[in-house]
Amino acid sequence: MSTIIYPSPIFGPIHSRRLGISLGINLLPADGKVCSFDCIYCECGFNEDHRPKQTMPTRHDVAEKLQLTLQRMKSEGQLPDVLTFAGNGEPTCHPHFPEIIDDTIRLRNAYCPDAKVCVLSNSTQIHRQSVHDALMKVDDNILKLDTVDSAYIHRVDRPAGNYDVNQIIERMKAFNGHVIIQTMFMRGDCNGESVDNTAEEYVVPWLEAVKTIAPQQVMVYTIDRETPAHGLLKATHEQLDAIRDRVVAVGIPCSASY
Ligand code: SF4
């Protein structure tokens, strides 16, 4: 089983399906995974199989390595389209996430002012005011909402501790449209239970929640790489296209990635 543990704090640049030439910023340790979810489809594998021994990079380390990388990319004539916070887990779990966002915006403005700053987050920390405020400063605040079905979330996303999807939706509304909703659709089974969220019973309430959040955009996608859990299947192009079209029909831009 091939999992991906990214270098830290900087990786890439890589060509992203959704984001273009993306320079990755990984605020998690370089030797394992730290996440408040433990998704059965996570490309980094299950949390318990990748417990890190190293610590998270410091704020200073992130800024220094990012500056060096941007200097090198500029000298090579290939600047990134986007600086993407992603990697081995949940970036907003870093204790200095807000300060690192400030550093990153400063460096972006200095070296590649046309590049976007993008954060891929599982939404579990958006109740913290400092995280909310930091996400308001980035260009693309991409927040995960795989479903509004609590049982499905506990079966598939597997949050640590308390997780109330209705509270998450309320906090998503608080971005006043400065948010992109990202949703994984898939089919198949895991441990004898269905993990298919493409049926009407999932799509209809999810779409209702999306309408109340009123995001600037929605991204629907499906499994792209090998997953730690067995039995998961990609959603079909037709299914993703149909869901995308329903989002667009309510006036919200939506992209589908296969
Ligand atoms: S939220 Fe992202 S990093 Fe965390 S377990 Fe899920 S897919 Fe992996």
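Looking at the range 30-58, which of its residues are more than 13 Å from the ligand (Cβ to nearest atom), under 29 Å from Gln71 (Cα atoms) and either crowded, with 21+ Cβ neighbours inside 10 Å or not aliphatic (A, V, I, L, M) (or both)?
Asp31, Gln54, Thr55, Met56, Pro57, Thr58
Among the residues of the range 105-119, is any closer than 29 Å to His154 by Cβ, away from the ligand (no atom under 13 Å from the Cβ) and not in a loop (DSSP other than H, G, I, E, B)?
So far as the range 105-119 goes, yes, one or more of its residues are closer than 29 Å to His154 by Cβ, away from the ligand (no atom under 13 Å from the Cβ) and not in a loop (DSSP other than H, G, I, E, B).
Residue by residue, here is whether (1) buried (at least 16 other Cβ atoms within 10 Å of the Cβ); (2) of a type in the set (D, E, K, R); (3) part of a loop (DSSP other than H, G, I, E, B) holds:
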position: Ala160; (1), (2), (3): no, no, yes
position: Ile169; (1), (2), (3): yes, no, no
position: Phe175; (1), (2), (3): yes, no, yes
position: Ile181; (1), (2), (3): yes, no, no
position: Gly188; (1), (2), (3): yes, no, no
position: Val204; (1), (2), (3): no, no, no
position: Glu226; (1), (2), (3): no, yes, yes
position: Ala256; (1), (2), (3): yes, no, no
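List, please: which pairs have Cβ atoms under 7 Å, are six or more places apart or on different chains, and start with a residue in the range 63-90 that is within 20 Å of Gly20 (Cβ to Cβ) and more than 16 Å from the ligand (Cβ to nearest atom) and end with one that is among the β-branched types (Val, Ile, Thr) and modelled with pLDDT under 95?
Pro80/Ile21; Asp81/Ile21
Okay, residues lined up against (1) within 13 Å of the ligand (Cβ to nearest atom); (2) modelled with pLDDT under 95:
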{"site": "Ala134", "(1), (2)": "no, no"}
{"site": "Arg158", "(1), (2)": "yes, no"}
{"site": "Asn166", "(1), (2)": "no, no"}
{"site": "Glu170", "(1), (2)": "no, no"}
{"site": "Lys173", "(1), (2)": "no, no"}
{"site": "Val195", "(1), (2)": "no, no"}
{"site": "Ile213", "(1), (2)": "no, no"}
{"site": "Asp224", "(1), (2)": "yes, yes"}
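Report the residue count in the range 206-224 for those that are touching a residue at least 60 places away in the same chain (Cβ under 8 Å), surrounded by 20 or more Cβ atoms within 10 Å (Cβ to Cβ) and within 21 Å of Cys44 (Cα to Cα).
So the answer is 1.
The values are calculated or read from the model by the stated rules, or taken from the named source; none is laboratory data. Just so it is clear, the structure is predicted and the values come from calculations on it, not from any experiment. Positions of Cβ are backbone-derived with ideal geometry, glycine not excepted, and every protein chain shown enters the neighbour counts.
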